[in-house]
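To start, the structure under review is shown below, and the notes come after it.
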Amino acid sequence: SDDVTESARGGKEGHFSDLPEKPRRQLMESGGKREREENGGTEAAQPVKRRRSRFSDAPDSSAASSGGSLDPDAASKKAMEEVKRLNEKLGVRPGSVRASDGTGNKLSSVADRLAQLQAKVMPKLDRVLAGGAQNDTSGFKTPLKMELSSIPVKPVTSLTVNLNKARQEKLKKALRVEKGDLLETDPSKNKYFDPRLSLAPSTRPQRQGFRFVEEGTYVSKGEKIREKAELERIQEELRQKEKSTSSAPQVLLLKSEETEEIPDVEWWDTPFLANNSYDDLESSNLVREDRVTKFVHHPIPTQIPNEEPAPAIPLMLTKKERKRHRHQKRMEREKEKQMLIQTGVEPPPPPKVKLSNMMRVLGNEASQDPTKVEAEVRKQIEGRRRAHEEANEARKPSKEEKRQKAEEKVEKDKASGMFACVFRIKDFANPQHRFKVNINAEQNQLTGCAIYNESCNIVVVEGGSKSLSKFKKLMLRRIDWSAKAAVGEDGAENGVAEANSEKTENRCALIWEGQISRPAFKNFMATPIPTEDDARQIFRRRKVEHFWDSALAFPIDDETVGVREV
């Protein structure tokens with residue numbers, strides 16, 4: 001360019017290193033080409049010096065081939081050739097009068113111009129060589145290029161993940177912290193920083209070795225358990241002895257409270273009595289009515305001695321929580337049993353030998369006499385089965401407990417509310433139907449009556465909601481009212497219905513059902529009543545005459561009429 005030419009001709013002062021990178025590279029390439037042309041291609045056979053890549057760790061081949069040292073004369077000669085080549089690149093020819101020394105004086109001779117170039121180039125070259133060289137054993141200096149080539153260069157990564165990782169590793173080494181993120185510890189700049197918290201490094205805890213139990217640990221635990229069991233046994237014996245010897249009721253003495261005499265005037269009445277006596281109530285002048293206000297004074301409640309606490313309401317748990325609770329209880333019992341065995345309080349259980357593990361458990365004993373061992377194993381298996389069945393039988397409730405439990409369920413059902421149902425049957429002559437109604441009413445503990453009358457057959461039952469639900473299913477679903485009783489050879493009805501017997505049109509209808517305040521009947525009775533007046537009198541004595549009137553007015557022949565059929 002024109003700027004480069006002008007600078008080379010002396011119009012502007014400057015150095016070759018001050019030129020931009022692209023013009024400087026063009027001048028160097030043209031100078032090298034011209035030098036090869038002048039030498040006549042003698043350097044073509046020499047190996048081409050390649051520029052060392054910054055991505056490789058290998059040193060420069062030219063530096064390696066130099067042997068690590070340079071001849072001073074050769075270096076000086078090479079510098080002079082470089083100056084000459086620069087003169088040619090800058091357009092400075094021998095005998096030119098355009099060159100200037102920078103002060104406006106023209107340089108007439110080539111020697112002056114060469115001296116001026118040397119004065120500009122050599123100090124910088126010596127400074128670079130002196131800064132990047134080191135003395136070796138031979139006394140020569142290694143150029144800066146050779147020094148830089150010996151330094152290994154890491155490959156440069158371009159992935160963001162690798163860059164972040166390298167940055168964090170560098171930050172770790174610089175800050176000597178475990179975490180790569182910077183943490184602002186100034187409270188004025190970081191309001192979330194708490195100086196009370198320690199930034200402990202997240203190191204893996206050291207793995208602990210074996211933990212041996214000290215000698216006598218389980219022995220001491222066993223002795224403590226034995227002492228506790230013995231103390232409880234002695235206390236129980238004393239308690240039983242006191243119960244058997246003491247016939248008079250014992251008086252419970254409270255240590256925290258002392259008996260006090262009854263005062264003449266209670267403390268809450270003192271502010272309203274002038275003379276602190278209840279005699280002042282006879283005269284209205286002695287009662288301080290001005291102290292009576294709308295506010296009510298509530299004394300501090302005191303706990304009644306010997307009062308039993310209210311029963312705790314059981315917590316309703318889900319099925320999963322109950323299962324977890326049972327598992328935890330079972331594990332606690334097993335751990336306690338293992339502790340008793342370890343301390344020697346209880347003997348260890350015998351091994352559970354089966355036919356499948358007989359040879360592995362008994363070993364040599366089973367090999368000597370297998371028949372005897374097998375018989376013994378079968379005997380143990382039978383004993384375990386028998387013990388299991390006996391435990392099941394022991395846990396099974398007796399008949400009395402079953403009956404009591406059923407009664408408790410019925411009473412609980414009645415406590416939730418009493419209900420009544422009124423049924424009418426068209427034909428109630430079948431003894432099988434009568435037996436089913438009577439026995440189910442007794443089993444469900446229902447009260448009421450069953451009246452057999454030619455004009456109206458009525459069944460009234462009272463009880464809880466669950467019991468009545470079962471009885472309604474019996475009356476409206478289970479009993480086949482159209483089935484006729486079979487007649488035996490002697491002409492009597494045996495109450496067994498035959499499949500081929502003729503069926504008559506019979507029906508049972510639910511007339512009314514609802515809640516009642518109290519039961520009208522004490523038990524369930526079934527009786528035939530010949531006349532309507534006698535039947536009405538039974539319901540009138542119990543003040544439920546409307547049951548009979550409703551049943552008598554109900555159209556039993558009309559199948560579309562009825563409360564409902566469940």
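The values are calculated or read from the model by the stated rules, or taken from the named source; none is laboratory data. Computed from a predicted structure; not experimentally measured. Glycine also receives a Cβ, built like all others from the backbone with ideal geometry; neighbour counts cover every protein chain displayed. Ligands, DNA and RNA are excluded from the accessible area calculation, which covers all protein heavy atoms including side chains. Shrake-Rupley method; radii C 1.70, N 1.55, O 1.52, S 1.80 Å.
Tabulated data
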| read-out | value |
| --- | --- |
| Residue check for I313: in contact with a Pro (Cβ under 8 Å, 6 or more places away or on another chain) and among the hydrophobic types (A, V, I, L, M, F, W, C) | no |
| Residue match in the range 525-537 (condition: open to solvent by 30 Å² or more (accessible area, probe 1.4 Å), at pLDDT 90 or above, within 21 Å of E442 (Cα to Cα) and acidic (D, E)) | no |
| Residue match in the range 398-408 (condition: at pLDDT below 90, open to solvent by less than 90 Å² (accessible area, probe 1.4 Å), in a helix (DSSP H, G or I) and at negative phi) | yes |
| Those residues of the range 188-216 which are open to solvent by less than 80 Å² (accessible area, probe 1.4 Å) and at pLDDT 75 or above, in sequence order | N190, F193, D194, G209, G216 |
| Qualifying residue in the range 419-431 (condition: in a helix (DSSP H, G or I) and modelled with pLDDT of 90 or more) | yes |
| Test: residue in the range 487-501 that is open to solvent by 50 Å² or more (accessible area, probe 1.4 Å), modelled with pLDDT of 65 or more and of a type in the set (D, E) | no |
| The range 285-338, residues that are surrounded by 10 or more Cβ atoms within 10 Å (Cβ to Cβ), more than 28 Å from the chain's Cα centre (by Cα) and not in a loop (DSSP other than H, G, I, E, B) | L286, V287, K337, Q338 |
| Residue in the range 524-540 that is under 13 Å from V422 (Cβ atoms) and either part of a loop (DSSP other than H, G, I, E, B) or touching a strand residue (DSSP E or B) at 6+ places or on another chain (Cβ under 7 Å) (or both) present | no |
| Contacts under 9 angstrom Cβ, first residue in the range 214-226 being closer than 13 Å to L340 by Cβ, partner open to solvent by 50 Å² or more (accessible area, probe 1.4 Å) and in a loop (DSSP other than H, G, I, E, B), 6 or more apart | G222/V345; I225/V345; R226/V345 |
| Members of the range 360-381 that are more than 20 Å from P349 (Cβ to Cβ), open to solvent by 100 Å² or more (accessible area, probe 1.4 Å) and not polar (S, T, N, Q) | K372 |
| The range 222-267 - residue that is closer than 30 Å to I300 by Cα and among the β-branched types (V, I, T) and, of those, modelled with the highest pLDDT | V265 |
| Those residues of the range 445-466 which are assigned to a loop (DSSP other than H, G, I, E, B) and either open to solvent by 20 Å² or more (accessible area, probe 1.4 Å) or among the polar types (S, T, N, Q) (or both), in sequence order | Q445, N453, E454, S455 |
| Yes/no for L355 being in a loop (DSSP other than H, G, I, E, B) and more than 30 Å from K484 (Cα to Cα) | yes |
| Selection status of A391, assigned to a helix (DSSP H, G or I), at pLDDT 90 or above and either open to solvent by 50 Å² or more (accessible area, probe 1.4 Å) or not aromatic (F, W, Y) (or both) | yes |
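Rundown of residues vs (1) closer than 30 Å to S356 by Cα; (2) aliphatic (A, V, I, L, M); (3) in contact with a strand residue (DSSP E or B) (Cβ under 6 Å, 6 or more places away or on another chain), yes/no style:
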{"position": "H388", "(1), (2), (3)": "yes, no, no"}
{"position": "R395", "(1), (2), (3)": "no, no, no"}
{"position": "E408", "(1), (2), (3)": "no, no, no"}
{"position": "A415", "(1), (2), (3)": "no, yes, no"}
{"position": "Q432", "(1), (2), (3)": "no, no, yes"}
